[in-house]
Amino acid sequence: LVAVIRNSGGDVVGDVKAWVAKSFPTGNMSQKEKDNLAEIFGVVGTELRTASKMARIGVALKIMLTLILGYADVVTDFLVAKSYYDA
């Protein structure tokens with residue numbers, strides 16, 4: 001289900017309904033139960049897709065901030081060493 005939500009082209013509810021239809025055989029539950037399950041998973045899937053996108057953006061920002069701070073630390077170390085040797 002998570003892979004279906006992540007790889008959805010934009011119609012999360014439709015993709016989740018197709019997944020429910022494929023994953024749950026008709027002998028195990030009625031069509032009404034499958035429709036209800038697909039509706040619930042569709043709503044949850046929409047929320048999960050949004051959270052997943054925000055998590056990826058957060059990870060990218062965290063990595064970028066770590067790189068910037070690391071390079072800034074190296075530059076300040078160089079400047080301190082230069083001022084020490086110039087004095």
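Values in this text are rule-based calculations from the coordinates and carry no lab data. Because the structure is predicted, anything quoted here is derived from the model rather than measured. Because the Cβ atoms are built from the backbone with ideal geometry, glycine has one as well, and the counts that use them run over all protein chains shown.
Given the chain, what helices (runs of 4 or more DSSP H) lie entirely inside it while holding 3 or more residues that are over 23 Å from the mean Cα position of the chain (by Cα) and hydroxyl-bearing (Ser, Thr, Tyr)? Here the list reads 31-86. Take VAL75 and decide whether it is in contact (Cβ under 8 Å) with a residue 40 or more places away in the chain, of a type in the set (A, V, I, L, M, F, W, C) and out of contact with any Leu (no Cβ under 9 Å at 6 or more places or on another chain). When the stated conditions are applied, VAL75 does not pass them.
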